[in-house]
Every structure is written in structure tokens, then in C-alpha cells.
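Q: Here's a structure for you.
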Amino acid sequence: MPLSEQEQRLLDEMERHLMRNDADVVSAPRDGRTLSYRNIVYGTVLVLLGLGGLIVGVAIGPQVAGIIVGVLGFLVMLGGVILAVTPTRAVAPLPTEPARPTAVPPRANSSFMDRMNDRWDKRQGER
């Protein structure tokens, strides 16, 4: 069932408002956290060192020293993988304009659509 023109306009306005005010929700994959190439390189080096330690631990044999070296090699590998795939938080830019309060106090007996229509009418009156 297609939306009416008013519902489509209301949906478009809500989407624009969401894009403008809640960009972190809309762009969830790009929420200020990015993979660092430096962390990927360091993580890869740690994985390779841990793999080497694991192989040395297996080569030493089932003695206590071999088990300890193998476990340490595994932990180094695990740390390298965690370091490589953990995103780093980017520096957040400073806001360019102060945020205006846009909250409209809800009426006691109004439905969701009535409140949205009131907001729509108010925004159309501002322009």
C-alpha cells in the first residue's frame, strides 16, 4: 500500500532531520571508529611472532618449557589479532553551530501521528 503525499512528505522530513541531527545513528559503520593501518601492521607482526613461538613450543616437546612457550606464543597471536581488528576512535570535529532545542512537549491525549503532523506544520511555518 503506497504512502499518501502527506505521509511521504512527513517521512522525507523525518529522514532529513535524522540525517542532520543524528548523523552518528545514520552512519553507524562510520561512527568515528576506523581501522588503523599501523595497528594492522603491528598486529600482523605480533601474529607472526606468536606463530613462531607456538611452533618453537611444539618443537621443544611436551615438557613444561614447551607448553609455556606454546601458550605464550598463542597469547601473542591472539593479542596481535585483537590489535589488528580493533578500530581506533577518530578525533571528533568540533560542532560548527550551537544545537537548538527542538523538543516539542507532547500533549497528553495526542497520537504519534498527531504529534508528527504538528511538528510538520510548525516546520512549514518556520520557512
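Q: Taking residue 16 as the residue in question, decide whether it is assigned to a helix (DSSP H, G or I), closer than 30 Å to residue 124 by Cα and either at pLDDT below 85 or not charged (D, E, K, R) (or both).
A: yes
Q: Next up: Pairs needed: first member in the range 13-30, of a type in the set (A, V, I, L, M); second member anywhere, at pLDDT below 65 and surrounded by 11 or more Cβ atoms within 10 Å (Cβ to Cβ); C-beta distance under 7 Å; at least 6 residues apart or different chains.
A: So the pair list comes out as 18/26; 19/26.
Q: Here's another thing I want to ask about it. Sort out which residues of the range 20-38 are modelled with pLDDT of 75 or more and either surrounded by 11 or more Cβ atoms within 10 Å (Cβ to Cβ) or part of a strand (DSSP E or B) (or both), and write them in order of number.
A: Within the range 20-38, 34, 35, 36 qualify.
Q: Kindly check whether there is at least one residue in the range 68-87 that is within 30 Å of residue 11 (Cβ to Cβ), out of contact with any Ser or Thr (no Cβ under 8 Å at 6 or more places or on another chain) and either at pLDDT 90 or above or not in a loop (DSSP other than H, G, I, E, B) (or both).
A: No, because not a single residue in the range 68-87 is within 30 Å of residue 11 (Cβ to Cβ), out of contact with any Ser or Thr (no Cβ under 8 Å at 6 or more places or on another chain) and either at pLDDT 90 or above or not in a loop (DSSP other than H, G, I, E, B) (or both).
Q: Give the residues of the range 50-78 that are closer than 26 Å to residue 38 by Cα and surrounded by 15 or more Cβ atoms within 10 Å (Cβ to Cβ), sorted by residue number.
A: Within the range 50-78, 50, 51, 53, 54, 72, 73, 74, 76, 77 qualify.
The values are calculated or read from the model by the stated rules, or taken from the named source; none is laboratory data. Owing to the predicted nature of the structure, the values given are computational and were not obtained by experimental measurement. Please note: Cβ atoms are built from the backbone with ideal geometry, for glycine as well, and neighbour counts cover all protein chains shown.
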